[in-house]
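Here's the structure, in structure tokens; my notes come after.
The values are calculated or read from the model by the stated rules, or taken from the named source; none is laboratory data. Keep in mind it's a predicted model, so treat the numbers as computed, not measured. All Cβ positions, even for glycine, are placed from backbone atoms using ideal geometry, and neighbour counts span all protein chains on display.
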Amino acid sequence: MSMNFHRKLPIPQDVKKDFPLTEKMAQVKAQRDESIRAVFEGTSDKFILVIGPCSADHSEPVLEYISRLRRIEEQVSDKIIIIPRIYTNKPRTTGQGYKGMLHQPDPDAKPDMYKGIVAIRELHLAALRDYDFSCADEMLYPENHRYLSDLLSYIAIGARSVENQQHRLTASGIDVPVGMKNPTGGDLSVMMNSIVAAQSSHTFIYRGWEVTSEGNPYSHAILRGYVDYAGKSVSNYHYEDLLKVRELYEKSNLVNPSVIVDTNHNNSGKQYLEQVRIAKDIVHSRNQNADIKKLVKGLMIESYIEDGAQGIGEHVFGKSITDPCLGWDKTEKLILDIADKL
């Protein structure tokens, strides 16, 4: 056979029993979920920041970073809801490179999927238990979502996954906000169709079960820029772009029209320092137009302890091993600047 079957992995229900939430943790998450949903419903005018490393690599620097987010949120909580990024699965355009903590809990070691399942659950548990943060992750593999389904308060569907039927159907059965990124080619109709699918009810096969979803009214758009026919990065966060998405929402039958803007990826041309300028530009657009303010619920920012990125094996504490990120000093200043301008 072309696949070697190593071992049968435990089902999510068993992993949750081995690594459970406490009652207090469940209450904290429920309160955060309610606050976050209120932003997407339009009953809260708080601003959301989905912020953190491009990928979670080691638990220690990620938790150190999250401890810093906790301290800064205490200063801005009247205006901002911080949702830390703990991205444990990484899409690879060619299939090569570091695929995230789920695959390699130790980036220097061989893949170990069981250790990875345990590592990502323990990391999300620690963020909730020790810092009262329920976090965000990317749903790269829909069948793996339930390993973390009781811990996540925000889920992103990536640009390469947004056209996939199983991602759309699984999103329709999730009860927290799920952001649908525009595809790498930039076609906004693909993104809007994925939101329609996610907000609708479906019957489908999931993890060997026949299931029926109720539809997710909190599924929404994430603008991340795109690549044109010549391979050039094109941004889609500008004032006119936001009005265009608002127009697309108006033509749809979708509820809770919402946009999160990704300040990195093709919006920044992968120039991570540009995230500061882009974030401020989006806040300015919101302040100039009431419709844009109502539509744009927050930002997605790639940030870590140290500026930039490193190669696997360099072992710089808190420096990304995938895409370059803003360092902490710039991040802290940016969060305070955003809060001041909201």
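Report whether or not GLY97 is within 29 Å of GLY318 (Cβ to Cβ), among the small types (Gly, Ala, Ser) and surrounded by fewer than 18 Cβ atoms within 10 Å (Cβ to Cβ).
yes
Table: residues versus (1) in contact with an Asp or Glu (Cβ under 9 Å, 6 or more places away or on another chain); (2) outside any loop (DSSP other than H, G, I, E, B).
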site: LYS297; (1), (2): no, yes
site: ILE301; (1), (2): yes, yes
site: HIS315; (1), (2): yes, no
site: GLY318; (1), (2): yes, no
site: THR322; (1), (2): yes, no
site: ASP329; (1), (2): yes, yes
site: LYS333; (1), (2): no, yes
site: ALA339; (1), (2): yes, yes
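Can you give me the number of residues within segment 1-17 that are hydrophobic (A, V, I, L, M, F, W, C), surrounded by 12 or more Cβ atoms within 10 Å (Cβ to Cβ) and in a loop (DSSP other than H, G, I, E, B)?
2
Answer yes if at least one residue in segment 293-300 is of a type in the set (A, V, I, L, M, F, W, C) and over 19 Å from ILE83 (Cα atoms), and no otherwise.
No, the conditions are met nowhere in segment 293-300.
With the requirement that a residue be among the hydroxyl-bearing types (Ser, Thr, Tyr) and either in a loop (DSSP other than H, G, I, E, B) or surrounded by fewer than 21 Cβ atoms within 10 Å (Cβ to Cβ) (or both), what does segment 103-152 give you?
TYR114, TYR131, SER134, TYR141, SER149
What residue, of ILE36, ILE86, ILE48, is within 26 Å of LEU336 (Cβ to Cβ), free of Cβ contacts under 8 Å to residues at least 60 places away in the same chain and within 16 Å of the chain's Cα centre (by Cα)?
ILE86
Given the conditions (1) touching a residue at least 12 places away in the same chain (Cβ under 8 Å); (2) closer than 25 Å to ASN4 by Cβ; (3) over 18 Å from the mean Cα position of the chain (by Cα), and given that GLY185 satisfies all but one, which numbered condition is not satisfied?
Evaluating GLY185 over (1) touching a residue at least 12 places away in the same chain (Cβ under 8 Å); (2) closer than 25 Å to ASN4 by Cβ; (3) over 18 Å from the mean Cα position of the chain (by Cα) leaves (2) as the failure.
Provide a single number: the residues in segment 137-154 that are out of contact with any His (no Cβ under 8 Å at 6 or more places or on another chain) and within 18 Å of PRO12 (Cα to Cα).
Of the residues in that region, 11 qualify.
What's the number of the condition GLY313 fails, among (1) modelled with pLDDT of 95 or more; (2) on the phi > 0 side of the Ramachandran plot?
(1)
Need a quick list: strands (runs of 3 or more DSSP E) entirely within segment 192-239 having at least 1 residues that are more than 26 Å from ILE282 (Cα to Cα).
Filter on segment 192-239 gives 203-206, 209-212.
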